[in-house]
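Just below is one structure, and these are the notes that go with it.
Each value in this text was obtained by applying a stated rule to the coordinates, not by laboratory testing. The model shown is predicted, which means the values in this text are computed figures rather than measured ones. No Cβ is skipped: glycine too gets one built from the backbone with ideal geometry, and neighbour counts run over all protein chains shown.
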Amino acid sequence: MSTVVEATLLDVHLPAEPRSASRARRAVLEALSGIAVDKDAVGVVVSEAVTNAVVHAYRDREQPGLVHVCASLDDDGIEVAVDDDGLGMRPRIDSPGVGLGLPLMGDLADRVEVSSRGPGTRIAAFFALMGAAGPHGRPLARHTMGRAERRTAALV
């Protein structure tokens with residue numbers, strides 16, 4: 001019988017302003033020092049999730065709210081979560097983008113969960129630990145394909 005051990009690596013609150021995306025990314029990457037995980041993928045996912053909170057969560061307020069960023073480690077991998085207490089997942093008619101952030105996060109993480117709760121949204125991304133062989137040594141999920149694989153499969 002195995003026991004899952006979980007350790008909190010990072011737990012910070014940042015203002016929902018543009019510079020917080022890079023601050024959150026740096027803080028998470030520093031917390032992951034020495035852990036065998038795809039840090040490039042983690043960095044992009046954290047930046048995208050915080051940017052979503054900055055752009056969308058508090059658009060109804062004059063002052064920005066807070067973005068909560070946490071990272072934890074267990075026997076299976078890393079979980080990075082970004083929470084806000086803003087508007088939740090609501091359509092935005094005046095959207096400044098074409099909605100590529102969530103699909104990108106889904107392609108880079110092993111699993112992404114988005115939940116709208118009370119006020120606010122939570123984006124939790126999971127990253128498997130890498131084996132001794134690096135990213136090619138970790139098991140691949142066979143039941144789902146990422147967007148890039150679907151596109152490649154359609155072209156072949």
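Taken one residue at a time, the phi angles of segment 102-107 give Karplus couplings (6.51, -1.76, 1.60, θ = phi - 60°) of 5, x, 5, 4, x, 6 Hz. Gly and Pro are set to x. The phi torsions of segment 11-23, fed into the Karplus equation with coefficients 6.51, -1.76 and 1.60 and a -60° offset, translate into couplings of 8, 9, 10, 10, x, 7, 9, x, 5, 5, 4, 6, 5 Hz, rounded to whole numbers, with Gly and Pro shown as x. Once the other residues with Cβ under 14 Å from the Cβ of Gln63 are scored (Lys, Arg +1; Asp, Glu -1), what is the net sum? Overall, the nearby charge balance is -3. In plain terms, the chain from Arg59 to Met130 could stretch by 21.7 nm, reckoned as 0.36 nm per residue minus the Cα-Cα distance.
The label point for Ala7 and the one for Leu104, both projected 7 Å from the Cα toward the Cβ, are 3.1 nm apart. Taking amide H positions as modeled 1.01 Å from N, with prolines and chain starts lacking one, the residues under 5 Å from Leu10 and 5 or more places away or on another chain are Ala71. Put simply, the amide H of Ala16, placed in the peptide plane, has neighbours under 5 Å in Gly65, Leu66, Val67, leaving out anything fewer than 5 places away on its chain.
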